[in-house]
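The values are calculated or read from the model by the stated rules, or taken from the named source; none is laboratory data. What you are looking at is a predicted structure, and each value in this text was computed from that prediction instead of being measured. Cβ atoms come from the backbone with ideal geometry, glycine included; neighbour counts cover every protein chain shown. Each accessible area value is taken on the protein alone, full model and side chains, heavy atoms only, with ligands, DNA and RNA left out. Shrake-Rupley method; radii C 1.70, N 1.55, O 1.52, S 1.80 Å.
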Amino acid sequence: MPATGNTVRNFIQSGILMNTSNNLSWRRAVFYRPLLHRCPLPSRRSISISDVGIAPSAMRLCLVRAYTPSSLSRTAVPEAAEEDSLEVLRRLLEEKGIPCRAGKPGQYTHMICPKCGGGKTKEGSFSLFIREDGKLAMWSCFRGKCGWRGHLQASGDMKEYNAPAAPNGKPLKEYRQLWEEDLELQPLCNEIVTWFSERMISTETLRRNDVMQRKYGNEIVIAFTYKRDGKLVSCKYRGNNKRFFQEKNTERVFYGLDDIKTASEIIIVEGEIDKLSLEEAGFPNCISVPDGAPSKVSPDIPQENEDTQFQYLWNCKEYLEKASRIILATDSDQPGQALAEELSRRLGKERCWRVTWPKKNGFETFKDANEVLMCLGPDAVRKAIEEAELYPIKGLFSFRNYFHEIDSYYNLRHGDELGVSTGWSGVDEFYRVVPGELTVVTGVPNSGKSEWIDALLCNLNEATGWTFALCSMENKVREHARKLLEKRIKKPFFNAPYGNTIERMTAEDLEQGKEWLDNTFHLIRCEDDCLPSVNWVLNLAKAAVLRHGIRGLVIDPYNELDHQRQPNQTETEYVSLMLTKIKRFAQHHSCHVWFVAHPRQLQSWNGSAPNLYDISGSAHFINKCDNGIVIHRIRDESEGPPNSIKVHVRKVRNKVAGRIGDASLTYDCATGVYRDCPPQV
């Protein structure tokens, strides 16, 4: 008995699907999927052609006839309706920007693509086909860099794809279309519902999120359906022993994507069960990443087309761009924190908040949202989300980040907050040494600048145990050692006229002094003919901080450095940059820096002390330093004894540690020791 079109249609409506093979299953029958999905869902048994008593050749023939657009439309649509549908379809195509008046139903029309314009060559790569019944139009651009294709129905239903080539020239990936019936998804059985209830996930939450199950091999697995605009785009399964796997060749998107369509605040978690847990706590605006967390943070962020591990972010970009607040509630373990860092780098840390899950005990923290929900309940989950903190941005802080430091400063816990004594009460009134500051010292030649700094270092070491790095280019090592030893031992190094009648230091004094030198000072010296640059000095000083714990650095003098100025850089710009580097070093390492700078050549000098603006090079020496000191040797007996010096404190940025003023010290030529001047009667 020959098969007719009505016979085939009856087979379809009753759930019997066939093609040219003798035995086909429901899942493989995809000859005409649009019609299939408008039919009621039949039973999913396999059927052979012999079951219906029709010859295979006759069945193949009737299938072809039954499914041709012309026969289907002619049997179902009157002539007048065809004309109306065609006009409606053409109008919709015109609104889409596709010229279609020249196109005839049942024929292909070639033209320039309205989307890409045919490229530079204006090639007619665009093909338009209107079905004979006038109800469906399909189009495709065959240019590799465009790939625009789609279909439009007279009813207004439309689907379009844009598959442009990636920057590397390869076409972008096309994804499978999924249907729940194809995947054979089923409602959850009681055992799985009970398993979720033990994790505090209700049946209503499971239903709303379309959590289903599937028989996979010999086990039943949980199916988390990933949807965009209500349509299934991917499916992820959880089997025994937390074994996860996903449908291949599907689009990577967030789980729960439709829940953030209109949300300005979004919560991102690491797993699907955590998303369900947040919903139980009252936060439906939550999504989960599809692929778990990375083991560590990547060194760089790849380009969008190469960022395969986080492609779901780019696929959902339009959902995330409108969010003004994104809360990262990832797991508390190392991969979870790495995931939070990776997400924040791509989403913008300025709009990210970070959740800290509560403590289990004094040592452990709850791992994720579901563990908190199970152990502490929904209120604890809500509290953790509501107390999320701003995601830290490198270089951007609030005062809260420094409260512990402010408390320590207030309580003087370090002991040097008000500055360390110089060892001279007259100088302490105006200048005390504060860790992390820069002191610029100047004075005319032979005024005792270096000698005064050496004496200051000896006093600091004796009072506090500080150690120092010395970059003193004008001193030979042996001569510098002599000066320091004389100040330490308070005896002359030689039997020489400068020692007057004081006996020189003994060999035993020398051995003890050498040990003190080795423990207190570390030398930064350039052993070849090259002059050191400031970067070279600071790198070695950093090593001295980390290796030896130095608290002070002396750079003496400025004009002995190699000033590597750029060709288009002025000396003022160079000095500003150099002093900025020195100050950053001092602040970062809590190390006081003394920088000796000579004044420029003074014309018609009358013997008076110079000022800080006389320093050769730039006014930035006084502008950028924390403390500015001028050391001046008394040469006029009317101003004081010839063996005395004036310490002119000309700038003090930190009022806690000093003020502007002058102090007087006497100098002992035999030992190099400075002492406070006796009060004048």
Worksheet item: At 222 nm, what helix-only mean residue ellipticity would the chain give, in deg cm²/dmol to the nearest 500, using -39500 (n - 2.57) for each DSSP H run of four or more?
Response: -9000 deg cm²/dmol
Practice prompt. Compute the signed sum of charges (Lys and Arg +1, Asp and Glu -1) over the other residues within less than 15 Å, Cβ to Cβ, of K349.
Written response: +2
Worksheet item: What FRET efficiency would be calculated for the residue pair F244, D407, taking the C-beta separation as r and a Förster radius of 35 Å, to the nearest 0.05?
Response: 0.15
Worksheet item: How many nm is it between the label spots at R91 and T262, if each spot is 7 Å from the Cα in line with the beta carbon?
Response: 2.9
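Could you work out the relative contact order of region 491-557? I mean the mean sequence separation of Cα pairs under 8 Å and 6+ apart, divided by the number of residues, in percent. Could you put the intermediate results ahead of the total?
Working: 23 pairs, mean separation 11.4, N = 67.
Reported as a whole number, the value is 17 percent.
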Worksheet item: Can you list the residues, at least 5 places off or on another chain, whose amide H is less than 5 Å from the amide H of S664, using H built in the peptide plane?
Response: V647, C677
Discussion item. Starting from 0.36 nm per residue, how many nanometres of slack lie between E479 and E386 once their C-alpha separation is accounted for?
Written reply: 26.8 nm
Discussion item. Given R₀ = 51 Å, what would the calculated FRET efficiency be for M158 paired with V297, taking r from the Cβ atoms and rounding to 0.05?
Written reply: 0.75
Discussion item. Here are a few candidate values for semi-axes √(5λ) of the Cα gyration tensor in Å: (1) 55, 26, 23; (2) 39, 35, 25; (3) 86, 31, 20. Which one was actually calculated from the structure I just gave you?
Written reply: (3)
Discussion item. Over the chain, what is the relative contact order in percent, taking alpha-carbon pairs closer than 8 angstrom and at least six residues apart?
Written reply: 8
Practice prompt. Report the full-extension gain for the segment Q587 to I502: residue separation times 0.36 nm, less the Cα-Cα distance, to one decimal in nm.
Written response: 26.3 nm
Fill in: Cleavage-rule hits (chymotrypsin sites (Phe, Trp or Tyr not before Pro)) in region 586-681: DSSP loop, at most 16 neighbouring Cβ within 10 angstrom
W605
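Report the per residue volume, in Å³, of the convex hull enclosing the C-alpha atoms of region 113-152.
In region 113-152, the Cα convex hull volume per residue is 55 Å³.
To the nearest 20 Debye, how big is the dipole of the chain about its Cα centre, given +1 on the beta carbon of each Lys and Arg and -1 on that of each Asp and Glu?
2420
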Worksheet entry | 9 Å beta-carbon shell around V269, net charge (K/R +1, D/E -1) | -4
Item to complete: Please give the net charge around Y409, taking every other residue with its beta carbon less than 11 angstrom from that of Y409, where Lys and Arg add +1 and Asp and Glu add -1.
Response: -3
Discussion item. Taking the solvent-accessible surface of protein heavy atoms with a 1.4 Å probe, what is the per residue accessible area of the chain in Å²?
Written reply: 54
Item to complete: Quick one: work out the % antiparallel among DSSP beta bridges in the chain, nearest 5.
Response: 70
Worksheet item: With each label point set 7 Å from Cα along the Cα-Cβ vector, what nm distance links R659 and S644?
Response: 2.2
Practice prompt. For N190 paired with E515, estimate the spin-label separation in nm (one decimal), with each label point 7 Å from Cα along the Cα-to-Cβ line.
Written response: 8.7
Worksheet item: At a 1.4 Å probe, what is the % contribution of carbon and sulfur to the accessible area of the chain?
Response: 50
Worksheet entry | Calculated FRET efficiency for the pair Y108/L523, C-beta based, R₀ 56 Å, to 0.05 | 0.05
